[in-house]
């Protein structure tokens, strides 16, 4: 399986043999499992105050009064401390020590990553995610692409290879979140756009492009390739990243 190598002006500068990972079987079940495992590491532990609902002073009346033996307020008859009483403790409250992370086997994780990489070369899966692009996938850029330091030059290069329309689509998708989340540091929602994978350092010129993620191939994980567990992300590879991909286990 081969792919064309494109320059900054969109011209074809040659071909490159893609590594065998691009022929991996598509396994959406493993991809979903791996992405959820990554997302679970970001869950914030939460639980109730350990003494919640049990700080009231109450004593049972004992036997002989025809009443249950629940603790009651000293100056009344209202029950306290027990789950069935108003203001009492919860029966089974959330606990901070609960383990929220999901586990995944090493071989499953590795295969999920290979499968997600292969999905980036399937045009049907990429279009199924709603991405806009021209030509074939995967898109492989010459190594000079990694030297781009200005956003305007990067926009010009992405336009030349026919993928900048997807960035504009992501920019237009930005909207205010519905619900309480808008008051908790996540006011806006925005679609994911293309992924730029380089050989060594992340492409800093892409930091201000809407929905674009730029990562080196050594830091690439399944969530980068399949945001929201949906594989087939529009990905721009550099020639050096493809070569280093062959070295990955």
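Quick note: the coordinates plus some simple rules give every number you see, no bench work behind them. Please read all numbers here as calculations on a predicted model, not as lab measurements. Cβ coordinates were reconstructed from backbone atoms using ideal geometry, including for glycine residues, and neighbour counts include every protein chain displayed.
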Quiz prompt | Distance (nanometres) between label positions extended 7 Å along Cα→Cβ at residue 90 and residue 201 | solution = 4.8 nm
Quiz item: Taking square-rooted eigenvalues a ≥ b ≥ c of the alpha carbon gyration tensor, is segment 199-249 rounded, prolate or oblate, where a/c under 1.5 means rounded and, failing that, a/b exceeding b/c means prolate?
Solution: oblate
Quiz item: Fully extended, how many nm does the chain gain between residue 50 and residue 174 (0.36 nm per residue separation, minus their Cα-Cα distance)?
Solution: 40.6 nm
Quiz item: With a ≥ b ≥ c the root eigenvalues of the C-alpha gyration tensor of the chain, is it rounded (a/c under 1.5), prolate (a/b larger than b/c) or oblate?
Solution: prolate
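Using only alpha carbon pairs under 8 Å that are at least six residues apart, calculate the relative contact order of the chain and give it in whole percent. Don't skip to the end; give the middle numbers.
Working: 453 pairs, mean separation 58.5, N = 249.
Taking the mean separation of contacting Cα pairs over the length of the chain, I get 23 percent.
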Quiz item: Shape call for segment 159-203 from the C-alpha gyration tensor, a ≥ b ≥ c root eigenvalues: rounded (a/c under 1.5), prolate (a/b greater than b/c) or oblate?
Solution: oblate
Quiz item: When the helices in the chain are scored as -39500 (n - 2.57) per DSSP H run of 4 or longer and the sum is shared across all residues, what 222 nm value do you end up with, to the nearest 500 deg cm²/dmol?
Solution: -7000 deg cm²/dmol
Quiz item: Using alpha carbon centroids, what distance separates segment 99-144 and segment 67-86, in Å?
Solution: 59 Å
Self-check item: Separation of alpha-carbon centers, segment 193-249 and segment 1-28, rounded to whole Å
Solution: 14 Å
Quiz item: What FRET efficiency would be calculated for the residue pair residue 38, residue 98, taking the C-beta separation as r and a Förster radius of 25 Å, to the nearest 0.05?
Solution: 0.85
